[in-house]
Amino acid sequence: MGDYILLVISCILVNNILLAQYLGNCPFLGTSKKMETAVGMAMAVVFVLVMAGVITWIADTFFLKRFGLEYLRTISFILVIAALVQFVEMFLKKSIPALYAGLGIFLPLITTNCAVMGVCLINIKEEYTFMQVIVSSFGYAVGFGLALILFAGVRERILLARVPKPLQDTSIALVTAGILSLTFYAFKGMV
Amino acid sequence: MAKSITQEFVKGLWDEIPPFRLVLGLCPVLAVTTTVENGLGMGLATTFVLVCSNMLVSLLRDIIPSKVRIACFIVIIATFVTVVELLMQAFTYPLFLKLGIFIPLIVVNCIVLGRSEAFAFKNPVMPSLADGLGIGIGFTLSLAALGAVREILGSGTFFNISLFGPSFQPFSLMVEAPGAFICLGLMLCIMNLVGNK
Amino acid sequence: MTEAVLFMLLLGGVCGLVLSFASKIFYVYEDPRIAEVEGLLAGANCGGCGYAGCSAAAVAVVEGQAPPSVCVISGSETAALVAAVVGVDAGSAEPMRSYNTCQGGDRAVTKYHYMGINSCRALAALYGGMRECSVGCLGLGDCVRACAFDALKIGPDGYPVVDEAKCVGCGACEKVCPKNIMEIKTMSDKLLHLNQYDDRIAPCQQTCPAEIDIPKYISQIRNNDYEGAVKTIRERNPLLLSCGRVCPHPCEDLCRRGIEDEAVSINQLKRFVADYEMNSGKRIPISCALPTGKKVAVVGGGPAGLSCAYFLRRLGHEVTIFDAMPKLGGMIRYGIPEYRLPKEVLAWEIEGILNLGVKSRANVKLGRDFDMGSLVSAGYDAIFLGIGAWKDYSLKVEGEDLDGCFTGIDFLTRFAKNQQGDGGDSIKIGQKCAVIGGGNTAIDCVRTLVRLGAKEVTIVYRRTRNEMPANMVEIEAAEHEGVKFVFLAAPVRVIADDKGKAKQLEYLKMELGEPDASGRRRPVPIEGSETLLDVDMLVTAIGQGPDVSFKEDGKRMDDLGITRWNTIDSADPVALQTSIPYVFTAGDAATGASLVVEAIGGGRRAARSIHMFLSGKATTPPPKTLFKNHIPGSVFDAVDGIKQTPRVKMPELPVDERIKTFDEADLVISEDDALEESMRCLSCCLSCYNKDVADLPL
Amino acid sequence: MREMIKMVVIITILCAFSGGLLAAVRNGTKDKIEYQQLKFVKGPAIREILKGSSNDPIVDRFKLKVDDAEKSFFVGIFDGNADTVAFENFGKGFGGDIGVMLGVNVKNDKIVAVGVTTHSETPGVGSKAKTDLKFAAQFAGLLLNEDFKVKTDGGQVDAISGATVSSRGVCMAVSEAGKIYKQLKPRLINKLSEFNK
């Protein structure tokens, strides 16, 4: 149990997917302009990441490794993730429209989100067990959400500030992300 | 009016240079640019995938049904990414180790998918090749430039050659995650200053 | 090798099959244009456009919230293709513009002298505002500094003014304003806005049934921006020439200026700018949203129908008006006499609306020439019923159908048709005429009869002058023109002469008893007080209601609900949606006989509901909609610091001149008078909310 | 329906082609990649252990079957004699498997050197097994047929202070390696003789 807690903390804070592992930065900048979008995106990532983590682990353990096809990992993972996301999207749209209204629009964004693919690959690289995969995927996703929501909050405030013209928009956003990342830097060595 | 092949090539070098003009494909930009060498390696790998996938998509554009084109693009791109992965393992193994999972992640780099969709799917092979090459080289240059800045400031070296002698205290923040963000942000600012004149 | 091929074959096959079946099983209908647009976008889902993925961007484009050039990856060619799908010019989706909702206010005084950072934000954070008004503009110009396009400046009155030509709708000002005064909206958003409880609106605007932003247009007049004033009025009222002439201006009743001296002559100011536009010889251009591809049938070309058609057209829909009469205008053409609203003026106004691209078909009557089924099969996506109230109530007394007896609307309509050369029999005017009723129709009848040369014209009303529902100015004008009034008289029968023609009206004298439900004292007949009045022409104008004969069997309107007052039933007076979801109503047809401005407001509310309905959104109004209510904190009983000045007098034709012709009796005020009158406006809104009244907005 | 079938078929065919192409590339680069991996991952440890050999131990390698698994053996040629082999074995540590690379002289069964290759031990404590050269040096010159134990367990090896578990793991790996060596010795000598020609 203690191991899992350690793993979760490590995934959320120490190895924060956005700010320490540099994964998923396109949506990080793209969907952090407004708090509501950020929250929606964060929820969607948690949802998809856990599912993708599990399903790619299964694919890897029971198919790729068994037949010695590890070199097909990249292509099979992306296919599986893309299919999964699209399936979930269609399923939600039909069956749980309320949830779809909140998360649906973020789902396609996730297909090409390197955070998802990245976490799946990390899970395999670290040779996690099934339970560890669930825990770490969840942890990384929460870390993603945490960073995204924090960042959205900061960006909403920055809009109020007088930023020199050349620094405006993406530029200042990146510098802010750097400072935010610096705060997460403090967690290094905690686990 | 269709642009000439040269124009398609040149636009990627400044007008639409990623990631500065198109703020896309940031993850590898931030992650692997700790040194010039890494930046160049990543850039060239991406360029290879861009050129190959652009060409193949352009060739197959009449066969691929548009409803499943994204899936097809993903398969094509993933194939070339795997090819690059294997080739890098075979010939530049240390670089492969340094770039780590960012090589397979070229698959989800929006620049690559974006070019397939926005350009190659609608244009013949030659312009697609020029487009892929232009954007790819632009991307490589950006990565190398960012890598150079971060390497020089962060470790005091350039292509692993020490520049300032042993007394230099490296500004090691630059090679870490926070430095990556700040450095890119400031470079974007400079681009804005220069470009908006 | 074989393993790899087999594995990939299997993987691809499974993914493809699962998705194909899923797409069939979980199929949900959505606007096909969304898929089409999404197909054109880059599909990289990079989020660079600010939307969550390409499909979200596609939805935004189709809904008109994002321009076709939204995608940052695709070039201009894609934008052009997307534009073609949505049916707009590339890059010209309805633009967002910044609007300042606070008009400042003369009496907002500085409350604090803050010596720190000179910024709205700092002051709002520290003191909740610098002005006495807790909700209004602080005027320190954070928004001006935030604007990257030089589109904002602090105007002469100390609040920001937007230069629409420079504004790109980026929203920077909206974000920096700590008081939520700056707002970014498209033109459509503005047209669709209903007065809200937490809006910054003056009592006059709260009262106006059409919700016109009165303080704004008055301040525009004050600044000599007559064109701007016309545009402001047109955001809520397309019939400003007509309204400026015939509106009984309920807004003036609650004007705060009226608490201390006399209300601002709001309607005269409206008429002044409306006439200014007409007399300037050119029309101020009216912008319309991009075509939506939806078709709406507007049945009835009266004020409600015209208003509804105008707003629908501006919102981008394709509109056709169907009218039973030979010309558009409805009651304001056939019910309001020439001397109050010249037909020429009305024609100019209606032409302006039709110029927007509204189609019209005259001489077709619902229930006779077409019905709901034929409209639906002709491809109309929604139907608006603005059929008015054309059926006169009958007096239900003996002899009311004798020769020489008329009903009010019938009389006015026949006369108006005649006068305009639209056919119909001419009416033989009597010498001794009596009109029964106390409303505007009755007054219109008597004043028309005076002009037609009747020797003696009498109004017979069963209550007193104080209870007459007609506009006071109209009553006064009728008195000036020599109309006699018989009050407290209830007709009991019409007596015929030997040729079967009306000869005498017999009525009972009344006295006022206890107040009834409407608050007016109930007239009670006095036993044995029968009196005879000699007449040779009698017009009964005791009220009118909608003619719902179109609902007879076989006309496919069984599902349409009708109230017990014979009006078309709409569950919500703001949504105005009838029991048939795609049918909407407003104006007299929905409310019973009422004011023109009420019908105009109703037309806009119905247009809003139709727009929502056609966009697949709920037609229910927002929860804080302020419909015929007032914000308690905005109603005062005293106003300080006013130097008493009388309101401007309306110029009119001399009585002996005007009773001979149908020339317009009321004239427009001069420019100098208009400017002087505009200065009397207190520009009250936010600046004057009563802090002692609990439940203030914000 | 027909459209759907077409889509599925195209994706499937594309996937199959991709699989074929990748398998081909994989076959072409397989040996090269294996060499590169050994060179850059195991290479430093092997070269350290077989320091002074006149050949490239990574080129001169062979595989033998041990309990259903294949193990690579690297040959060190000293003074013209191929008498030393290096191979890797694993033991249980604190955080997972500890990899140990050890070299052994087949003539006198003595350990030439031991090096820790992979571990996931606590940084600063168990990780000393790799960084603390003195610990590994204790094994040099000992006979491989011995049963290695740390001193607290009554053996002959000084444990790293504070990291008994990690030390035990290394001992276990070396002991296990001894068993494997004993079992394979005849075949090893056989193989080595091929390199002496």
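Among (1) within 8 Å of another protein chain (Cβ to nearest Cβ); (2) surrounded by fewer than 24 Cβ atoms within 10 Å (Cβ to Cβ), which single condition is B:Ala78 missing?
Unmet for B:Ala78, out of (1) within 8 Å of another protein chain (Cβ to nearest Cβ); (2) surrounded by fewer than 24 Cβ atoms within 10 Å (Cβ to Cβ): (2).
Suppose we keep only residues that are of a type in the set (Asp, Glu) and assigned to a loop (DSSP other than H, G, I, E, B) within the stretch C:649-668. Which one would you say is farthest from C:Ala477 (Cα to Cα)?
The extreme case among them is C:Asp663.
Restricting to the stretch A:133-191, count the residues that are at pLDDT 90 or above and not in a helix (DSSP H, G or I).
So the count comes out to 0.
Got at least one residue in the stretch D:32-55 being open to solvent by 80 Å² or more (accessible area, probe 1.4 Å), over 22 Å from D:Thr84 (Cβ atoms) and in a helix (DSSP H, G or I)?
We begin by selecting, within the stretch D:32-55, every residue open to solvent by 80 Å² or more (accessible area, probe 1.4 Å); these are D:32, D:47-48, D:51, D:54.
Checking the rest, the ones that are also over 22 Å from D:Thr84 (Cβ atoms) come to D:32.
Then keep just the ones that are in a helix (DSSP H, G or I); that gives D:32.
Yes, the conditions are met somewhere in the stretch D:32-55.
Exactly one of these conditions fails for D:Ser53: (1) without any contact (Cβ under 8 Å) to a residue 24 or more places away in the chain; (2) more than 14 Å from every other protein chain (Cβ to nearest Cβ); (3) of a type in the set (S, T, N, Q). Give me its number.
It fails just one condition, (1).
Would you pick out the residues in the stretch C:358-400 that are out of contact with any strand residue (DSSP E or B) (no Cβ under 9 Å at 6 or more places or on another chain) and farther than 24 Å from C:Thr567 by Cβ?
Of everything in the stretch C:358-400, those that are out of contact with any strand residue (DSSP E or B) (no Cβ under 9 Å at 6 or more places or on another chain) and farther than 24 Å from C:Thr567 by Cβ turn out to be C:Asn363, C:Ser377.
For the stretch A:43-97, enumerate the residues that are within 14 Å of C:Ala4 (Cα to Cα), more than 8 Å from chain C (Cβ to nearest Cβ) and either open to solvent by 60 Å² or more (accessible area, probe 1.4 Å) or touching a His at 6+ places or on another chain (Cβ under 8 Å) (or both).
Passing the criteria: A:Lys65, A:Arg66, A:Glu70.
Within the stretch C:407-438, can you find the residues that are open to solvent by less than 20 Å² (accessible area, probe 1.4 Å) and among the small types (Gly, Ala, Ser)? Quick ask: steps written out before the conclusion?
Within the stretch C:407-438, the subset open to solvent by less than 20 Å² (accessible area, probe 1.4 Å) is C:408-409, C:411-413, C:416, C:430, C:433-438.
Within the stretch C:407-438, C:Gly408, C:Ala416, C:Gly430, C:Ala434, C:Gly437, C:Gly438 meet the criteria.
Take the conditions open to solvent by 10 Å² or more (accessible area, probe 1.4 Å) and farther than 18 Å from A:Ile110 by Cβ and apply them to A:Glu36. Does it pass? Quick ask: steps written out before the conclusion?
Details: open to solvent by 10 Å² or more (accessible area, probe 1.4 Å): yes; farther than 18 Å from A:Ile110 by Cβ: no.
The answer is no for A:Glu36.
When the residues of the stretch C:38-81 are narrowed to those that are over 22 Å from C:Gly169 (Cα atoms), assigned to a helix (DSSP H, G or I) and away from chain A (no Cβ under 14 Å), which ends up modelled with the lowest pLDDT?
The extreme case among them is C:Glu77.
Out of the residues in the stretch C:659-682 that are over 30 Å from C:Asp444 (Cα atoms) and buried (at least 21 other Cβ atoms within 10 Å of the Cβ), which is modelled with the lowest pLDDT? Walk me through how you get there before you give the answer.
At the first step, the residues of the stretch C:659-682 found to be over 30 Å from C:Asp444 (Cα atoms) are C:672, C:675-676, C:678-682.
Remaining after also requiring buried (at least 21 other Cβ atoms within 10 Å of the Cβ): C:678, C:680-682.
On the way: C:Ser678: 90, C:Arg680: 88, C:Cys681: 86, C:Leu682: 81.
Looking at residues that are over 30 Å from C:Asp444 (Cα atoms) and buried (at least 21 other Cβ atoms within 10 Å of the Cβ), I get C:Leu682.
Yes or no: the stretch C:626-634 includes at least one residue that is over 28 Å from C:Val450 (Cβ atoms), touching a Pro at 6+ places or on another chain (Cβ under 7 Å) and surrounded by fewer than 19 Cβ atoms within 10 Å (Cβ to Cβ).
yes
Kindly provide the set of residues from the stretch D:10-29 that are open to solvent by 50 Å² or more (accessible area, probe 1.4 Å) and in contact with a Leu (Cβ under 9 Å, 6 or more places away or on another chain), ordered by number.
Residues satisfying the conditions are D:Ile13, D:Arg26, D:Gly28.
Run down B:Leu173, B:Leu163, B:Leu193 and say which single residue is open to solvent by 10 Å² or more (accessible area, probe 1.4 Å) and more than 14 Å from chain A (Cβ to nearest Cβ). Spell out the reasoning first.
On the way: B:Leu173 fails: more than 14 Å from chain A (Cβ to nearest Cβ); B:Leu193 fails: more than 14 Å from chain A (Cβ to nearest Cβ).
Every option except B:Leu163 fails the conditions.
If I filter the stretch C:18-37 down to residues being within 13 Å of chain A (Cβ to nearest Cβ) and outside any helix (DSSP H, G or I), which single residue comes out as nearest to A:Val88 (Cα to Cα)? Talk me through it step by step, then tell me what you get.
Initial filter on the stretch C:18-37 (within 13 Å of chain A (Cβ to nearest Cβ)): C:18-30, C:34-35.
Narrowing the set further to residues that are outside any helix (DSSP H, G or I) leaves C:26-30.
Details: C:Phe26: 10, C:Tyr27: 13, C:Val28: 14, C:Tyr29: 17, C:Glu30: 17 Å.
Ranking the candidates gives C:Phe26 first.
For B:Val29, indicate whether it is at pLDDT below 90 and either closer than 30 Å to C:Lys24 by Cβ or surrounded by fewer than 24 Cβ atoms within 10 Å (Cβ to Cβ) (or both).
Details: at pLDDT below 90: yes; either closer than 30 Å to C:Lys24 by Cβ or surrounded by fewer than 24 Cβ atoms within 10 Å (Cβ to Cβ) (or both): no.
When the stated conditions are applied, B:Val29 does not pass them.
Of C:Asp253, C:Asp189, which residue is without any contact (Cβ under 8 Å) to a residue 40 or more places away in the chain and open to solvent by 30 Å² or more (accessible area, probe 1.4 Å)? Show your work before the answer.
Details: C:Asp253 fails: without any contact (Cβ under 8 Å) to a residue 40 or more places away in the chain.
Only one candidate qualifies: C:Asp189.
Looking only at the stretch B:121-147, count how many residues are under 25 Å from B:Leu99 (Cβ atoms), open to solvent by less than 20 Å² (accessible area, probe 1.4 Å) and either outside any helix (DSSP H, G or I) or not charged (D, E, K, R) (or both).
12
Scanning for something open to solvent by 60 Å² or more (accessible area, probe 1.4 Å), of a type in the set (Val, Ile, Thr), closer than 20 Å to A:Ala42 by Cα and touching a residue at least 12 places away in the same chain (Cβ under 8 Å), does the stretch A:103-114 turn up at least one residue? Walk me through it before giving the result.
To start, the set of residues in the stretch A:103-114 that are open to solvent by 60 Å² or more (accessible area, probe 1.4 Å) comprises A:105.
Then drop every residue that is not of a type in the set (Val, Ile, Thr), which leaves A:105.
Adding the requirement that they be closer than 20 Å to A:Ala42 by Cα leaves A:105.
Then drop every residue that is not touching a residue at least 12 places away in the same chain (Cβ under 8 Å), which leaves A:105.
So far as the stretch A:103-114 goes, yes, one or more of its residues are open to solvent by 60 Å² or more (accessible area, probe 1.4 Å), of a type in the set (Val, Ile, Thr), closer than 20 Å to A:Ala42 by Cα and touching a residue at least 12 places away in the same chain (Cβ under 8 Å).
Among the residues of the stretch C:555-572, which ones are open to solvent by 20 Å² or more (accessible area, probe 1.4 Å) and either closer than 18 Å to C:Leu375 by Cα or without any contact (Cβ under 8 Å) to a residue 12 or more places away in the chain (or both)?
C:Lys555, C:Arg556, C:Asp558, C:Asp559, C:Thr563, C:Arg564, C:Asp569, C:Ala571, listed by residue number.
The values are calculated or read from the model by the stated rules, or taken from the named source; none is laboratory data. Predicted, not measured: the structure shown is a model, and the values here were computed from it. Please note: Cβ atoms are built from the backbone with ideal geometry, for glycine as well, and neighbour counts cover all protein chains shown. Only protein heavy atoms, including side chains, enter the accessible area calculation; ligands, DNA and RNA are left aside. Shrake-Rupley method; radii C 1.70, N 1.55, O 1.52, S 1.80 Å.
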